[in-house]
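Encoded as structure tokens, the structure appears first; notes follow it.
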Amino acid sequence: MHALRKNRPLRRIVLASAATVSGMVLLLSLKPHESPGITVSASSPAPSSSASASPGGPGGSSGSGGSKGSSGSSSTGTRTATGDTVQTRWGPVQVRITVKGGKLTEVTAVTYPTENPRDQEINSYAIPQLRREALAAQSADIDTVSGATYTSEGYRQSLQSALDSVGV
């Protein structure tokens, strides 16, 4: 006769309880899947503060897809560019920059994950920190924000594509 059947019922209860607790922990740790086709825009595209507009119009890109856009005047004027949309594990990230006189003067996260309260909480502190780092570094060579690894990587990649499009 098997040892768990008659001699040790307490062992069977402990094993069943441990299996139930383990199963519940695994189920509660899962995050619902997000649809890749949904993009959430943090702000509507704003016109550039440039004095002269290119034929594509101020702002360049509409902020969707993987497109890049730029507008502006000469290398000493104001130029605006929108980086590629980078798909991360938790959603798309896209950045728009403004360069004035060869210096990065503004960085705006156009699109980033805001699908659920946890995304909103993380990105409410991560996005401003990434912006400050980018303006201080004047490049895409910025540190990852703790707790927002995927957003940080997407931000860095989109920022680099925008910098490349304006030639900085």
query = Of everything in region 123-150 that's β-branched (V, I, T) and at pLDDT below 90, which residue is farthest from V99 (Cα to Cα)?
reply = T149
task = Being in a helix (DSSP H, G or I), touching a Lys or Arg at 6+ places or on another chain (Cβ under 9 Å) and open to solvent by 20 Å² or more (accessible area, probe 1.4 Å) is the filter here, so list the residues in region 115-145 that pass it.
result = R118
note = Here the residues within region 146-161 that are out of contact with any Gly (no Cβ under 8 Å at 6 or more places or on another chain) and either open to solvent by 70 Å² or more (accessible area, probe 1.4 Å) or hydroxyl-bearing (S, T, Y) (or both) are S146, T149, Y150, T151, S152, E153, Y155
ask   = Do the conditions hold for Q120, that is, is it without any contact (Cβ under 8 Å) to a residue 12 or more places away in the chain and under 30 Å from L30 (Cβ atoms)?
value = yes
ask   = Which residues, taken from region 76-103, are charged (D, E, K, R) and not in a strand (DSSP E or B)?
value = D84, R89
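The values are calculated or read from the model by the stated rules, or taken from the named source; none is laboratory data. Here the structure is a predicted model, which is why all the values come from computation and not from measurement. Neighbour counts are summed over all protein chains in view; Cβ atoms, including those assigned to glycine, are modelled from backbone coordinates with ideal geometry. With ligands, DNA and RNA removed, areas are computed over all heavy atoms of the protein, side chains included. Shrake-Rupley method; radii C 1.70, N 1.55, O 1.52, S 1.80 Å.
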